[in-house]
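Participant: The structure that follows is given in the form of structure tokens.
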Amino acid sequence: MKRHYEVAVVGGGISGCALFYQLARYADVKSLALFEKYEDLATLNSRGECNSQTIHCGDIETNYDFEKAKKVSVAARMVVKYALMHGYAGEFMFSHQKMVLGVGEEESATLRERFSKFREIYPYLRLFEKDELKILEPNVVLNADKSGDRSEEIVAMGVQSGEYTTIDFGCAAKSFVKNACDAASKENREADVFLSCEIERIVRASDGFCLTAKDGREFSANYVVVDAGAHSLFLAHKMGYGLDYSCLPVAGSFYMSDKRLLKGKVYMVQNPKLPFAALHGDADILADGRTRFGPTALLLPKLERYRGSATFWDFLKTLRFDGRVARSMFELLCDSEIRNYLFKNFAYEIPCINRRLFVKAARKIVPSLAYEDVSYARNFGGVRPQVLDKTSGRLMLGEAGINTGEGISFNMTPSPGATSCMANALRDAREVCAFLGRKFNEDKFAAELLD
């Protein structure tokens with residue numbers, strides 16, 4: 001006999017867990033179910049080792065324009081306020097120093113111009129000249145042979161203290177589910193979590209949708225939200241949705257230092273032509289503050305990393321390779337900057353030469369970085385799906401999802417990453433409630449999570 005729920009959320013990463021929490025705490029949905037294919041929550045991209053542990057609020061991310069930065073700052077603040085409300089500051093959310101570093105005249109001028117404009121959104125921002133940087137991040141200023149200051153012009157924009165910058169998104173995901181179950185229990189509502197329960201088939205049914213797990217268990221729901229990363233598009237294709245989308249999985253790798261080379265986060269100015277994050281250095285909260293450099297960007301024919309070859313076949317099905325995909329990939333590689341970037345990042349994965357090449361690139365942040373200072377961080381990094389719109393031939397940078405308007409939606413790649421989990425969950429929770437005729441407590445949400 002099928003177990004029936006009003007809402008089913010497929011995927012126990014940070015996005016699915018955030019939606020589960022919001023529906024339990026702020027909506028009057030009577031029954032909820034969360035399905036996760038693995039033995040625990042947040043074992044893939046949300047796990048602390050698989051991302052940069054950064055609350056991306058837009059102040060030091062130079063790939064965000066002014067309007068996107070305003071939206072991102074609101075989304076990031078929701079995550080911070082949630083953690084403060086439940087007492088997680090100092091447990092898995094921390095306040096660290098952070099900055100974006102401009103190297104050379106052009107990048108320095110870009111940061112100075114950005115600083116004057118973006119202070120409207122982030123009044124706490126400061127501009128750090130070389131003399132102050134020598135105190136805040138001495139290894140950023142010290143030249144290659146450690147005999148004095150680096151010769152080129154440098155300037156940084158950021159914050160020294162007082163802002164929450166760092167979070168273990170894996171712990172945050174688990175806290176969402178715990179607090180969701182507590183909230184539902186207090187009001188006599190169902191909120192069930194199914195681990196080791198891989199949903200491999202979703203079909204329409206008389207009461208909404210029937211969900212079939214790989215082990216044969218069956219469930220049904222009036223509304224389904226699929227928050228399963230790259231596998232969201234895989235499941236959408238199975239149902240006939242999003243057939244004009246293809247998935248190009250991009251894996252990010254990291255290198256770990258054996259000591260604390262940086263006091264906080266140091267980002268680099270983003271190349272606007274590249275659809276991937278610029279390399280940066282972070283004080284890793286899971287590695288006693290040792291500096292983690294990355295991420296790299298490697299096109300990988302798998303939907304999940306470090307899970308064997310099983311998801312290679314899922315990738316081929318989700319790619320839906322045809323002439324339009326071939327043409328889009330050819331045009332991408334015709335751009336010399338993008339082509340060289342991809343080849344260079346591929347080389348970062350090749351034993352014997354990878355570390356030397358990576359250290360050379362990371363010296364833009366720490367000029368004195370030596371080959372012996374870092375090692376390839378094994379089992380670090382995840383896979384982020386880049387969704388290709390075959391109709392336009394363009395990568396859907398940032399947000400990508402499918403809202404069918406028929407009681408099921410699919411979210412593939414949140415932007416900016418895990419930081420947007422609460423904002424995206426709010427959008428989905430409102431959609432769920434409108435479709436089902438349920439109420440979402442906007443006043444309570446605003447009081448708790450909005451400024």
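Participant: In whole Hz and in residue order, list the ³J(HN,Hα) couplings for region 212-217 that follow from phi through the Karplus curve 6.51 cos²θ - 1.76 cosθ + 1.60, θ = phi - 60°; x for Gly and Pro.
Facilitator: Ordered by residue, 3J(HN,Hα) equals 10, 8, 4, 8, x, 5 Hz.
Participant: Further, regarding this structure: Where does helix 169-186 land angle-wise versus the long Cα axis of the chain, in degrees 0 to 90, nearest 10?
Facilitator: 30 degrees
Participant: Continuing with the same structure: Could you give log10 I(q)/I(0) at q = 0.07, 0.08, 0.13 Å⁻¹ for the chain, computed by the Debye formula over C-alpha point scatterers of equal weight, without solvent?
Facilitator: Here the Debye-derived log intensity ratios amount to -0.35, -0.46, -1.21.
Participant: Pairing the Cα long axis of helix 105-118 with the longest principal axis of the chain, what angle in degrees results, from 0 to 90 and rounded to the nearest 10?
Facilitator: Between the helix axis and the principal axis of the chain, the angle is about 50 degrees.
Participant: Starting at the first residue of region 153-159, write each ³J(HN,Hα) from the Karplus equation 6.51 cos²θ - 1.76 cosθ + 1.60 with θ = phi - 60°, in whole Hz, x for Gly and Pro.
Facilitator: Computed from phi, the couplings for region 153-159 are 5, 9, 8, 10, 10, x, 9 Hz.
Participant: Let me ask something additional. If packing is taken as the average count of other Cβ atoms within 10 Å, what order do 28-38, 84-94 fall into, highest mean first? Write down the numbers at each step before the final one.
Facilitator: Working: 28-38: 21.7, 84-94: 14.7.
Top to bottom by mean Cβ count within 10 Å: 28-38, 84-94.
Participant: Please list, or write none, the aspartates and glutamates whose alpha carbon is within less than 15 Å of the alpha carbon of K71, excluding same-chain residues fewer than 8 places away.
Facilitator: Output for K71: D59, E61, E120, E399, D451.
Participant: I'd like to compare 352-364, 11-23: which one has the highest average count of other Cβ atoms within 10 Å, and what's the full order after that?
Facilitator: Peptide ranking by packing, descending: 11-23, 352-364.
Participant: For helix 14-26, what angle does its Cα long axis make with the longest principal axis of the chain, in degrees from 0 to 90 and rounded to 10?
Facilitator: Orientation of helix 14-26: about 50 degrees from the principal axis.
Participant: Just tell me which lysines come within less than 26 Å, Cα to Cα, of K186; anything on the same chain fewer than 8 places away is out.
Facilitator: K2, K30, K81, K174, K178, K439, K444
Participant: While we're looking at this one, here's another question. Out of the chymotrypsin sites (Phe, Trp or Tyr not before Pro) in region 247-307, which ones are loop residues according to DSSP with at most 16 other C-beta atoms within 10 Å?
Facilitator: Taking region 247-307 and a limit of 16 other Cβ atoms within 10 Å, the loop chymotrypsin sites (Phe, Trp or Tyr not before Pro) found are Y306.
Participant: Could I ask something else about it? What's the ranking of 232-242, 198-208, 149-159, 408-418 by average number of surrounding C-beta atoms within 10 Å, highest first?
Facilitator: 408-418, 232-242, 149-159, 198-208
Participant: While we're on this one: Filter the trypsin sites (Lys or Arg not before Pro) in region 390-451 to those in DSSP coil with at most 10 other Cβ atoms within 10 Å of their Cβ, and list the result.
Facilitator: Answer by residue number: there is no such site.
Participant: Would you calculate, for the chain, the mean residue ellipticity at 222 nm contributed by helices, counting each DSSP H stretch of 4 or more residues as -39,500 (n - 2.57) and dividing by all residues, to the nearest 500?
Facilitator: Using -39500 (n - 2.57) per qualifying helix, the result is -10500 deg cm²/dmol.
Throughout, read-outs are computed from the coordinates displayed, never taken from laboratory work. Treat the numbers as computed from the prediction; the structure is a model and nothing was measured. Don't worry about glycine lacking a Cβ; one is built from the backbone with ideal geometry, like all the others, and counts go over all protein chains shown.
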